[in-house]
């Protein structure tokens, strides 16, 4: 089953929905890492959720979802571009021991100090786009519940998420209540929201994992009148490069970079997302700080 994101709108309910299925792209990305199973599942659910949220916003820039944990998982980061190219990574604390079956709270919110941040970064988008960030404490007992709470608190959007992930697939379903007035009034709108979310509550993790995006929509909402939109294809892509890495070194300053160079003989930077490795020797560093760039070179393969 292909990687797919579908968007749809209920004709007789102020509700919009999306389904995403990441398979090839998810396996391509996770093959670069060796995460414990609970972390892999957690990162997969977060990646599916970020992809769904990215497709809902009217913003010509990147959506960056970060979960800062106070447990064995220190940080989860997912970055989604407007064309649904994504990358994701998990950072574990030193000497973290994670056993099979470890749950959400134990992984990221053991002390109740975890937090969720969503950043909209305009990057190179047209002028007028402003960077935005919302940060809230982690709530709930899952990625889905934490993001539902974030959207209610920070964005004032009533949302429901159903997420699942394993080594093969990361997938999810999103429903959002939209502010379209109804001729039937608030009571009818409430009934429509209750009906659509009740139908969605019948979907299981195994069904999400083993069913195409099109079939998930059909099985849940075959009695509903839906307006379906052209599907999109998410993909894994890491935009790191030697040039970007060089610009990052410039922000550190010449003194700090020279200190690293003196101690290690070269400045080596490995991308947390794709494990591409970029190495700068003394000549590269001299050219970088003299001209602001280095000669193009291919990254060294990951170890």
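Numbers at a glance
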{"read-out": "Residues within segment 136-145 that are in contact with a helix residue (DSSP H, G or I) (Cβ under 8 Å, 6 or more places away or on another chain) and not in a loop (DSSP other than H, G, I, E, B), tallied", "value": "3"}
{"read-out": "Any hit, segment 291-302, residues being at pLDDT below 90 and assigned to a helix (DSSP H, G or I)", "value": "yes"}
{"read-out": "Test: residue 106 is under 17 Å from residue 37 (Cβ atoms) and assigned to a helix (DSSP H, G or I)", "value": "yes"}
{"read-out": "Filtered residues of segment 194-205 (kept if part of a helix (DSSP H, G or I) and surrounded by 12 or more Cβ atoms within 10 Å (Cβ to Cβ))", "value": "195, 196, 197, 199, 200, 205"}
{"read-out": "Test for residue 211: is it under 22 Å from the mean Cα position of the chain (by Cα) and surrounded by 15 or more Cβ atoms within 10 Å (Cβ to Cβ)", "value": "yes"}
{"read-out": "Segment 109-123, residues that are within 19 Å of residue 152 (Cα to Cα) and assigned to a loop (DSSP other than H, G, I, E, B)", "value": "114"}
{"read-out": "Lone qualifier among 268, 238 - being over 17 Å from residue 18 (Cα atoms) and within 22 Å of the chain's Cα centre (by Cα)", "value": "238"}
{"read-out": "Tally, over segment 222-255, of residues that are assigned to a helix (DSSP H, G or I) and within 30 Å of residue 203 (Cβ to Cβ)", "value": "0"}
{"read-out": "Selected residue (criterion: surrounded by the most Cβ atoms within 10 Å (Cβ to Cβ)) from residues of segment 222-239 that are touching a residue at least 40 places away in the same chain (Cβ under 8 Å) and over 30 Å from residue 273 (Cα atoms)", "value": "224"}
{"read-out": "One residue from 71, 134, 112, 128 being touching a strand residue (DSSP E or B) at 6+ places or on another chain (Cβ under 9 Å), more than 30 Å from residue 198 (Cβ to Cβ) and at pLDDT below 95", "value": "112"}
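For (1) surrounded by 12 or more Cβ atoms within 10 Å (Cβ to Cβ); (2) assigned by TED's automatic domain parsing to the domain that holds residue 30; (3) modelled with pLDDT of 90 or more; (4) in a strand (DSSP E or B), each residue gets a yes or a no:
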{"site": "172", "(1), (2), (3), (4)": "yes, yes, yes, yes"}
{"site": "188", "(1), (2), (3), (4)": "yes, yes, no, no"}
{"site": "192", "(1), (2), (3), (4)": "yes, yes, no, no"}
{"site": "207", "(1), (2), (3), (4)": "yes, yes, yes, no"}
{"site": "220", "(1), (2), (3), (4)": "yes, yes, yes, no"}
{"site": "257", "(1), (2), (3), (4)": "yes, no, yes, no"}
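The values are calculated or read from the model by the stated rules, or taken from the named source; none is laboratory data. Please read these numbers as outputs of a predicted model, since none were measured by experiment. Backbone-built Cβ (ideal geometry, glycine too); neighbour counts: all protein chains shown.
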